[in-house]
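Here the structure comes first, spelled out in structure tokens, and everything after it is commentary.
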Amino acid sequence: MSRMRTVHRCGECGATAVRWAGRCPACGAWNALVAETLAPESAAGAGLGGCAQPLSEVDATPAAVHPTGIGELDRVLSGGLVPGSVTLLGGEPGIGKSTLLVQALATMAGGGDRCLLVSGEESSQQVRLRAERLDAVVDGLWIVAETSLPAVLAAVDQIDPAVLVIDSIQTMIDPEVGTSPGTVSQVQACTTRLTQMAKSRNLATVLVGHVTKDGSLAGPRVLEHVVDTVLSFEGERHHALRLLRATKHRFGATGELGLFEMADRGLVDVPDPSGLFLGDRRTGVAGSVVVPAMEGHRPLLVELQALVTRSSLVQPRRSGLGLDVGRLGLLLAVLERRVRLPFGKFDVYASAVGGVRVVEPAADLALALALVSALNDVPLPSDVVACGEVGLAGEVRQVGRTAPRLAEAARLGFRHAIVPVSSPDPPEGVEAVRVATLADAVAVLRATADRRAPARTRPTLRSVALAPR
Ligand code: TYD
Ligand code: MG
């Protein structure tokens, strides 16, 4: 007869150790090992029941997807949920995972797909109240408030849905695994069992997974291997904006970004994010530059802001919100050494407006210009965007996907783009102002803002950039 066994399992990577240790021997995480009692081996999974066949005879007709009816979610899923697939939706508590899924289920149920929501966290009544607010009480949407895996499997047998949502996987309990809910063994065992069911019943399954403080899913990497798709739902708690990304997707690209706004009646698609980000922009203010950033395949126009004040500290402050603080430091060093600007005496605050993170090097030039604009108290004309990577020698380098970036800028009415010398030609309506170095870009900024010059002779962006130095 097999015996119960105790192991210590890492909550981060899922590795096991016979003895407890302060640090996981596999991934090095501190205080992550938790004692677990393992059930006898017979509780292991039963496989998918597949039999071998020549690859050429495998039916490759793609299964019809279930569009969720939520535009931004379908965009990230490349069309919708695939029958028989398992999707993990991860995000911090309170970010809106349950809201998004109730809205999606209601739309799918309204379209004729029978849907089952398993709520392990909220009672049926709580879910109903929320659904009323979201206008999501529709025929064909079933709910069971349950945490026991066998009961969930029985409910699926009873209802025979086309789409199943488990909210959340961390609350599910497989009684054959002798540990408490939320442990890696439980999460892993329940996911494996639900995945088998999804494949055998051709059931599109979505698992909600809460994310721990440091950003990883609890019981994380083990799950990411098992499921077909991993979505992550993010956003700043104090902003209404929510971003949805696929970090793994077996049925399509992973680069797509979905954008939502959390409103009084649930999540609303944001099909024109650049318009949203620039909506409250004040023009003619020093320290503000718009960058055409890329989020996945999607160009996003984001305003970068900087504020520079004289410092009384030995080591001046450098603060970056929604930006890479390391790159901010690098740009300040380049501006100090290559353009001879005295940032060492100033506190610097910089941010990306609207609750997005802009960390790509393509934002260097715009951020540097925002810093100089703030330092000199000189605003840039309001119809200018800037994009380019800045090197340590002060050179401005070409970045990828310039065409969609500038096309988006043109669509939103921007007329000038400060870009690297080697940049491809911009679309019609946008004039390129080519700069080889950060010093060139600063010269452009100063010249365009030289209000003392009479209007007729005041340099335009173009004449400055092309003038011999
Ligand atoms: P929820 O979907 O419960 O988050 P999660 O399942 O990821 O933990 O979302 C909870 C938050 O969303 C809560 O703070 C209230 C807010 N909210 C709205 O602002 N509007 C709404 O219509 C709903 C349903 C929730
Ligand atoms: Mg929830």
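The values are calculated or read from the model by the stated rules, or taken from the named source; none is laboratory data. This is a predicted model, so every value here is computed, not measured. Quick reminder, even Gly has a Cβ in these numbers, built from the backbone with ideal geometry, and neighbours come from all protein chains shown. The accessibility values were calculated without ligands, DNA or RNA, using every heavy atom of the protein model including side chains. Shrake-Rupley method; radii C 1.70, N 1.55, O 1.52, S 1.80 Å.
Mind checking the per residue accessible area of the chain for me, 1.4 Å probe, whole number of Å²?
Numbers: 22150 Å² over 469 residues.
For the chain, the solvent-accessible area averages 47 Å² per residue.
Give me the net charge of residue 425's neighbourhood, meaning all other residues with Cβ under 12 Å from the Cβ of residue 425; Lys, Arg count +1, Asp, Glu -1. Provide the component values of the computation, followed by the final result.
Numbers: positive: 434; negative: 428, 431.
Here the charged neighbours net out to -1.
Extending each Cα 7 Å along its Cβ direction at residue 314 and residue 51, get the distance between those two points in nm, one decimal.
Taking the two extended label points, one gets 7.9 nm.
What whole-number distance in Å separates the alpha-carbon centres of segment 97-117 and segment 151-197?
Between the Cα centre of segment 97-117 and that of segment 151-197, the gap is 19 Å.
May I ask you to compute the full-extension gain from residue 263 to residue 133, defined as 0.36 nm times their residue separation minus their alpha-carbon distance, rounded to one decimal in nm?
Values: separation 130, 0.36 × 130 = 46.80 nm, distance 1.11 nm.
Length difference between fully extended and current span is 45.7 nm.
With no other cysteine's Cβ closer than 4.7 Å, which Cys residues of the chain count as lacking a disulfide-compatible partner?
Cysteines of the chain left without a disulfide-compatible partner: 51, 115, 190, 387.
Mind giving me the FRET efficiency for residue 347 and residue 254? R0 is 51 Å, r the Cβ-Cβ distance, nearest 0.05 is fine.
Values: r = 39 Å, r/R0 = 0.76.
Taking R0 as 51 Å, the efficiency between residue 347 and residue 254 is 0.85.
Provide, for the chain, the number of lysine pairs with alpha carbons under 30 Å apart, each pair being eight or more places apart or on different chains. If you can, show how the numbers build up before the last one.
Details: 97/199; 97/213; 97/248; 199/248; 213/248.
Taking the Cα cut-off of 30 Å, the pair count is 5.
What is the local net charge at residue 70, summed over the other residues whose Cβ is closer than 14 Å to its Cβ (Lys, Arg +1; Asp, Glu -1)?
On the way: positive: 75, 97, 242, 265; negative: 72, 74, 113, 135, 256, 261, 269.
So the surrounding residues net to -3.
Cβ under 14 Å from residue 144's Cβ, residue 144 left aside: what net charge do those residues give with Lys, Arg +1 and Asp, Glu -1?
-4
If R0 is 35 Å, what FRET efficiency do you get for residue 123 and residue 18 from their C-beta distance, rounded to 0.05?
Numbers: r = 41 Å, r/R0 = 1.17.
About 0.30, to the nearest 0.05.
Could you work out how far apart the two model spin labels at residue 282 and residue 239 are, taking each label as a point 7 Å from the Cα in the direction of the beta carbon, and quote it in nm?
Those two pseudo-labels are separated by 1.9 nm.
Can you give the translational diffusion coefficient of the chain in µm²/s, computed by Stokes-Einstein from the Kirkwood radius over Cα pairs at 4 °C and 1.567 mPa s?
Working: Rh = 25.2 Å.
The Stokes-Einstein estimate is 51 µm²/s.
Ignoring ligands, DNA and RNA, what percent of the accessible area of segment 159-199 is carbon or sulfur (1.4 Å)? Working shown, then result.
Values: 630 of 1160 Å².
Carbon-and-sulfur percentage of accessible area, whole number: 54.
Quick check: residue separation of residue 436 and residue 392 times 0.36 nm, minus the Cα distance between them. What number comes out in nm? Mind showing how you got there, number by number?
Details: separation 44, 0.36 × 44 = 15.84 nm, distance 1.32 nm.
Going from the current span to full extension adds 14.5 nm.
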